[in-house]
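Novice: Following this message is one structure expressed as structure tokens.
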Amino acid sequence: MTILLIPLMLTNLLNSIYNIVDGIWLGNLIGENGVSAITNCYPLTLIVTSISVGLSIATSVLVSQYYGAKNEEKLKSIMGVSYITTIIVGIITATLMIVTSNFWLKLLNTPNEIFDETRSYLNMYLIGFIFNFLLTVIMEALRAIGNSKVPLVFVGISTTINLILDPILIKLGLGVVGASIATLIAMLIGTIIAVVYVNTKSKLLKIDLKYLKLNKEHIKELLKTGLLVIVEEWFTAGIILLEVNISNATGVNGSASYGVVSKLEQIILIIGQSFKTMATVTVGQFIGNEKVNESTTVMKQGLKLALLPTIIVILVGFVIQNNFAKYLYHQKK
């Protein structure tokens with residue numbers, strides 16, 4: 001269990017850094033306007049990410065069950081359906097959000113002085129989201145068959161690319177848009193690497209034309225689990241949308257301040273997110289093996305394993321909060 005949980009925590013840590021990187025460079029190179037712009041994008045990216053999370057978790061649940069039951073044919077079939085569904089839903093979702101971006105930003109009460117920058121960042125991010133959607137499904141499927149180390153590599157590469165490209169593109173005069181282009185490129189390259197990996201190294205998860213079919217039964221299986229997760233994630237996105245709306249009432253300063261807090265919060269939530277993924281995979285495999293009783297033991301052991309690191313991370317968050325804000329998000333002089 002520890003072998004699975006540690007790579008998961010490292011992956012989620014990199015994901016948090018990935019999301020914070022844009023704020024770091026924009027805060028240092030542009031100032032509060034840059035931080036406020038990505039803060040206003042945050043709840044909207046959560047809305048689309050919720051769909052990705054729902055379908056990827058549904059895929060993970062089904063793959064772990066079929067993997068535990070040693071049913072390779074059904075596993076390959078569900079992956080084929082998941083791949084094609086992911087691409088279709090990703091394109092539709094991104095397109096709808098881009099077309100309605102003005103509506104969402106007005107709903108957030110986005111300050112006029114950053115409205116255009118925020119919209120540009122959001123639209124570019126949404127294009128990258130289509131690739132990230134597929135990457136997320138691949139990573140969750142790999143974890144579902146017990147491989148939590150390779151997804152760590154994918155995220156590590158994407159984070160490094162984003163970290164390098166951000167200051168370069170921002171300093172070239174692209175500003176907030178430069179940060180979003182860096183994110184898009186990082187997502188694209190990470191997805192390409194993931195696709196190449198599963199097609200060359202994983203017989204079970206290979207993208208096979210034979211299985212790329214919209215099988216009604218498998219779609220129902222994905223939606224049965226995925227829709228509930230999506231709705232649950234949307235509640236969280238709705239609360240954050242309301243919080244950003246309230247912070248925008250005080251202008252750019254208030255919005256940027258909220259952005260600092262939200263980034264720190266992402267770090268604190270790392271262990272809980274990791275435990276959720278670990279529980280999904282291990283319990284799913286036990287169900288597939290028809291060893292349901294053993295899943296209870298796994299949950300108890302996992303909670304004990306996650307308790308101490310959670311307390312430590314929260315305490316560290318309290319200690320570093322002032323330095324976190326001053327060092328990473330100071331105003332441009």
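The values are calculated or read from the model by the stated rules, or taken from the named source; none is laboratory data. Here the structure is a predicted model, which means the values were calculated and not measured. Ideal geometry is used to build each Cβ from the backbone, glycine not excepted, and the neighbour counts take in all protein chains shown. When the accessible area is computed, the model is the full protein with side chains, heavy atoms only, and any ligands, DNA or RNA have been set aside. Shrake-Rupley method; radii C 1.70, N 1.55, O 1.52, S 1.80 Å.
Novice: Identify, by number, the condition in (1) open to solvent by 10 Å² or more (accessible area, probe 1.4 Å); (2) touching a residue at least 24 places away in the same chain (Cβ under 8 Å); (3) over 20 Å from the mean Cα position of the chain (by Cα) that Val81 doesn't meet.
Specialist: Just one mismatch for Val81, condition (1).
Novice: Oh, and also: Report, by residue number, each residue of segment 96-143 that is assigned to a helix (DSSP H, G or I), open to solvent by 70 Å² or more (accessible area, probe 1.4 Å) and of a type in the set (S, T, N, Q).
Specialist: The answer is Asn112, and nothing else.
Novice: Sticking with this structure for a sec: For the structure I just gave you, tell me whether Ile92 is in a helix (DSSP H, G or I), open to solvent by 20 Å² or more (accessible area, probe 1.4 Å) and at pLDDT 90 or above.
Specialist: yes
Novice: Have a look at Glu221, Glu233, Glu217 and point out the one that is among the acidic types (Asp, Glu), in contact (Cβ under 8 Å) with a residue 60 or more places away in the chain and within 17 Å of Val81 (Cα to Cα).
Specialist: Criteria check complete, one pass: Glu221.
Novice: Show the residue pairs meeting these rules: Cβ distance below 9 Å; 6+ apart or different chains; first residue within segment 154-182 and in contact (Cβ under 8 Å) with a residue 12 or more places away in the chain and within 18 Å of Glu32 (Cβ to Cβ); second residue outside any helix (DSSP H, G or I) and open to solvent by 30 Å² or more (accessible area, probe 1.4 Å).
Specialist: Here the result reads Ile170/Ile30; Gly175/Ile30; Val176/Ile30; Ala179/Ile30, each pair linking segment 154-182 to a residue that is outside any helix (DSSP H, G or I) and open to solvent by 30 Å² or more (accessible area, probe 1.4 Å).
Yes or no, residue by residue, for (1) within 28 Å of Ile161 (Cβ to Cβ); (2) open to solvent by less than 60 Å² (accessible area, probe 1.4 Å); (3) hydrophobic (A, V, I, L, M, F, W, C):
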site: Ala179; (1), (2), (3): yes, yes, yes
site: Lys206; (1), (2), (3): yes, no, no
site: Lys220; (1), (2), (3): no, no, no
site: Ile246; (1), (2), (3): no, no, yes
site: Asn253; (1), (2), (3): no, no, no
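Novice: Residues to consider are Thr236, Thr191; find the one that is under 22 Å from the mean Cα position of the chain (by Cα), in a helix (DSSP H, G or I) and surrounded by fewer than 18 Cβ atoms within 10 Å (Cβ to Cβ).
Specialist: Thr236
Novice: Return only the number of the condition from (1) closer than 18 Å to Leu142 by Cα; (2) under 21 Å from the mean Cα position of the chain (by Cα); (3) surrounded by 21 or more Cβ atoms within 10 Å (Cβ to Cβ) that Leu44 does not satisfy.
Specialist: All conditions pass for Leu44, except number (1).
Novice: Spot the failing condition for Ile207; the list is (1) at pLDDT 85 or above; (2) part of a helix (DSSP H, G or I), and only one is missed.
Specialist: All conditions pass for Ile207, except number (2).
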